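Read through the structure below, which is laid out as structure tokens, and then see the notes.
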Amino acid sequence: MSDKMWAGRFAKALDKQADDFNSSIHFDCKMFRQDIRGSMAHAAMLGAQGIISQSDSEQIIATLEEILKDMESGATPIDMDAEDIHMFVEAELTRRIGDVGKRLHTARSRNDQVAVDIRLYLRDEAAEVVDLLKKLLLAITSQAKEHKQTIMPGYTHLQRAQPITFAHHLMAYAMMFTRDITRVEDAVKRMNVSPLGSCALAGTTYPTNREMTAKDLGFDGIMLNSIDGVSDRDFCVELMSAFALIMTHLSRLSEEIILWSSWEFKFVELDDSYTTGSSIMPQKKNSDMAELIRGKTGRVYGDLMGLLTTLKGIPLAYNKDMQEDKEAIFDSLETVKKCLSIAAPMIETMKAIPANMRKAAQEGFINATDLAEYWVKKGLPFRSAYKIVGQIVALCIEKHTVLEDLPLCEYQTFSDLFADDLYEAISLATCTFSRTSAGGPSVASLDAQLCYVAKFCE
Ligand code: ARG
């Protein structure tokens, strides 16, 4: 005979290998607090509705509270031979108070129980992800505040394009992370409805009060269809999509930090405490943390694809395939949390090297658009100006010089519209700080951006 709680109809015990294969305790043990909290709300409702007696309800709740304390202190270790965390808690309850404990599972199934537990767990964890995103924003904005006047080349196609400031570049990432915060918060809003009381899939004949448990557990309402309540994991997918995008943003930023730290750029120097050396090359200082963040992005995408694929073919309602949700979401969550936690101090302690940024900005003809615009302001159509500036750039390349240093007489061979004021018009400072359009690199625009982002950090 099997010793399982569901053993009634079985003549033989589960094969040992099958038992291990079936078990989820190794990963769902993380949710013991949420499982107990959900059970306490359920027991209170059963008592209030007269489905079980008040005294049984009270005894169950008091004992669950003790179990929670004992599990937290380690006095009651989790039995890793249990099938899952729900079975373990129920078995422990019954071990302590016998038949009264056996009443807890009235009008409930593990199917709605697990759906509640994951939601409660993710709700708490998502709040932590948002906190970490805020810390990252603080690190980025503290750098941006220092570098509103630090001119660097802005790139397209990784070719020097137009002048920007380091603050302008960093704040682009800050904006992305503000949207990540709202994406996580949006997902939580949709997730925060209670499936408890859906039971196995079809509800129950007991006079349950689903609103009561929903309120007790801090949900905003109940899921209106019991089959949906136990069947979907779209809330996991939504959160994991938000996590995948966080990783996309972190990974692009990491890639830039890796490039900027190289001798080819040397725009920044990472702090020693966030870099490593080589076992053979004594000169090396590697950006391992940034590389790992970039690398771990792959596994967060993989977790998302894995769960989507698991879900796509399963008929309603609950199927055991769905047990696969937890390792995917937990891995994605832990990875995102670790990456955010390391990115913030890595960025905070990073030293910018303005002189190198400026030097790069001076070498790439990034004021060519401004030269064309100077000319347009004197009456030439943009397309014509664009073409001739191209020829002037070619001349500079040939003469190993830059637009700022090309003598006026050379300019005047192209047009007598050129005058001395052109040098002021194409100086790096003018090209950068007179880009006063909203969202641009000007100090006023950066101040507005910093002010917007600061609201997310409150
Ligand atoms: N460990 C299961 C899971 O994570 C709990 C639900 C089990 N339900 C069932 N009918 N076997 O999905």
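Read-outs: derived from the displayed coordinates by stated rules, not from any lab. None of the values given here were measured: they were computed from a predicted structure. Glycine also receives a Cβ, built like all others from the backbone with ideal geometry; neighbour counts cover every protein chain displayed.
Counting pairs of alpha carbon atoms under 8 Å apart in space and at least six apart in sequence, what relative contact order in percent does the chain give?
Numbers: 623 pairs, mean separation 74.4, N = 458.
Normalised by residue count, the contact order of the chain is 16 percent.
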**OP:** Go through 439-450, 79-90, 239-250 and give me the packing order, highest mean Cβ count within 10 Å leading.
**Re:** 239-250, 79-90, 439-450
Subject >> Ala91/Ala448 FRET efficiency (R0 41 Å; Cβ-Cβ; nearest 0.05) >> reply: 0.10
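Give, in nm to one decimal, the length gained when the segment between Leu308 and Ser434 is fully stretched (0.36 nm per residue of separation minus the Cα-Cα distance).
40.5 nm
Using per-residue counts of other Cβ atoms within 10 Å, averaged over each peptide, order 22-28, 410-416, 340-346 from highest down.
Working: 22-28: 17.1, 410-416: 13.3, 340-346: 19.7.
Final packing ranking: 340-346, 22-28, 410-416.
Near Gln143, within a Cβ-to-Cβ distance under 12 Å, what is the net charge of the other residues, with Lys and Arg +1 and Asp and Glu -1? Write down the numbers at each step before the final one.
Working: positive: Lys145, Lys148, Lys351; negative: Glu146, Glu348.
Local net charge: +1.
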**OP:** Please list 135-148, 364-377 highest first by mean number of surrounding beta-carbon atoms within 10 Å per residue.
**Re:** 364-377, 135-148
Subject >> 0 to 90° range, to nearest 10: angle between helix 110-146 axis and the chain longest Cα axis >> reply: 20 degrees
**OP:** Positive end of the charge dipole of segment 299-444 (Lys, Arg +1 and Asp, Glu -1 on Cβ, about the Cα centre): tell me which of Met322, Thr309, Ser384 has its Cα farthest that way.
**Re:** Met322
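Quote the FRET efficiency, to the nearest 0.05, computed for Lys320 versus Asp15 with a Förster distance R0 of 22 Å and r equal to the Cβ-Cβ distance. Working shown, then result.
Numbers: r = 16 Å, r/R0 = 0.72.
Computed FRET efficiency for Lys320 and Asp15: 0.90.
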**OP:** Quote the relative contact order of segment 1-116 in percent (integer), defining contacts as alpha-carbon pairs under 8 Å separated by 6+ residues.
**Re:** 28 percent
**OP:** Distance between Cα centroids, segment 379-411 to segment 1-76: provide it in whole Å.
**Re:** 78 Å
Subject >> Proximal lysines to Lys69, defined as alpha-carbon separation beneath 17 angstrom and excluding residues fewer than eight positions away on the same chain >> reply: Lys30
Original post:
Glu58 to Leu395: extension gain in nm, 0.36 nm per residue of separation minus the Cα-Cα distance?
Top reply: 112.5 nm
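Okay, helix-only estimate at 222 nm for the chain: each DSSP H run of n ≥ 4 adds -39500 (n - 2.57), divide by all residues, round to 500 deg cm²/dmol; what do you get? Mind showing how you got there, number by number?
Details: 19 runs with 279 residues, N = 458.
Value at 222 nm, helices only: -20000 deg cm²/dmol.
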Original post:
How far is helix 382-398 tilted off the main Cα axis of the chain, in degrees rounded to 10, range 0 to 90?
Top reply: 80 degrees
Original post:
What percent do you get for the relative contact order of segment 50-151 when only Cα pairs under 8 Å and 6+ apart count?
Top reply: 22 percent
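May I ask you to compute the full-extension gain from Lys377 to Tyr206, defined as 0.36 nm times their residue separation minus their alpha-carbon distance, rounded to one decimal in nm?
Values: separation 171, 0.36 × 171 = 61.56 nm, distance 8.03 nm.
Gain on extension, Lys377 to Tyr206, equals 53.5 nm.
Count the DSSP beta bridges whose two residues both fall in the chain, then state the antiparallel fraction as a percent rounded to the nearest 5. Mind dumping the intermediate values first?
On the way: 9 of 10 bridges.
That works out to approximately 90 percent antiparallel.
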